[in-house]
Amino acid sequence: MTQRPRSRLLRSVLVGGTLFCGLLIVAEIATRQLGLLDFPLYEANADIGYVPKPNQQGAFLNKNDWQFNSRSMGAPEFEPGPGPNVLLVGDSIVDGGNPYRQQERLGPLTQKALAPSGVKVWPIAAGSWSLRNELKWLQRNPDVVDRVDEVVFLLGSNDFGDASSWSCEFSHPRSHPTSSLWFLFNKYVYRLEPCGTPPDALKVPQGDVHAELERFMSAFGKKTTVVLYATAEESRNPAERARSFEPARQLLRSVGVRDPVVIADDARWSPDCYKDSVHPKPSAMPVLADILAPHILARVGAPKQSAW
């Protein structure tokens, strides 16, 4: 009498377990087919921190296309055109990330705004990069700096500290995960794996951003533009914006940058342009590009300067 209930229970457990495993397999296949794992990968080390892997392309959700060339730029292969060439350097504001199609990112939009003048824009960026990460990439690629007419830094008030180090597979994955469900749950629902502390082997040593920027400016200052990009709160509150950016302004003045472009000072930019505390709405990206374009045009006639 007791064997039958037990056998029924065992059978139910086996059937339920089989169905559950089948559902997991179907979900794994579905997430991959939907393009949820078609995102850029990164290289990480203790020198630059992290950088998009070169020579990769894809389409997140099978629609948000992206590409990185052999220099990790979010652009086709680096081949400067006969007209002015501009290197646009920044963090996630320039990179855009998974929610954007390639043509909706700041580099392509700025090039579109400058199209009548024949300017080509070459973006190099990674989410959460600081100025020190950006300067390290420029130091690694001096021939790129030599071959462009202008270097444009897009910087926030928090970008003047230490370099960002790689710390998380969920924000800057180095390889595609074995399980898409585990990855997506940790990234979007609840973090079960620890994340946020850089491994010692990948931690970028502390440095002197003033000395590093001064070195760059002494070589390329005549063809460098600095653009200050405010957070939503800094955009909303001019007094807070002035306070937040004052240390950056002092640093910039000390290396010869007198008049940085301030996006929030433009009447076309407002707190309504933000989708969160930092990033622009997709609809505001063309506005940001239109603000940048005339400042770039005013600069690209400057002669090239080639020295590191």
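Key figures for this structure:
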item: Index of the failed condition, P282 passing every other in (1) touching a residue at least 60 places away in the same chain (Cβ under 8 Å); (2) surrounded by 15 or more Cβ atoms within 10 Å (Cβ to Cβ); result: (2)
item: Residues of the stretch 19-71 satisfying the condition of being hydroxyl-bearing (S, T, Y), modelled with pLDDT of 95 or more and either farther than 21 Å from P123 by Cβ or in a loop (DSSP other than H, G, I, E, B) (or both); result: S70
item: Matching residues in the stretch 223-247 - criterion: being in contact with a strand residue (DSSP E or B) (Cβ under 7 Å, 6 or more places away or on another chain), in a helix (DSSP H, G or I) and over 20 Å from K275 (Cα atoms); result: K223, F245
item: Filtered residue count, the stretch 135-160, keeping only those that are surrounded by fewer than 19 Cβ atoms within 10 Å (Cβ to Cβ) and either modelled with pLDDT under 95 or among the acidic types (D, E) (or both); result: 2
item: Selected residue [under 13 Å from the mean Cα position of the chain (by Cα), at positive phi and surrounded by fewer than 20 Cβ atoms within 10 Å (Cβ to Cβ)] from G97, G118; result: G97
item: Hits in the stretch 168-192 (condition: among the hydrophobic types (A, V, I, L, M, F, W, C) and either at pLDDT 95 or above or surrounded by 12 or more Cβ atoms within 10 Å (Cβ to Cβ) (or both)); result: C168, F170, L181, W182, F183, L184, F185
item: Leading residue by the ranking (most open to solvent (accessible area, probe 1.4 Å)) among those in the stretch 193-222 that are assigned to a helix (DSSP H, G or I) and more than 24 Å from L87 (Cα to Cα); result: D200
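The values are calculated or read from the model by the stated rules, or taken from the named source; none is laboratory data. Computed from a predicted model, the values in this text were never measured in an experiment. In this analysis, Cβ positions are derived from the backbone assuming ideal geometry, glycine residues included, and neighbour counts consider all displayed protein chains. Areas reflect the complete protein model, heavy atoms only, side chains present, ligands, DNA and RNA absent. Shrake-Rupley method; radii C 1.70, N 1.55, O 1.52, S 1.80 Å.
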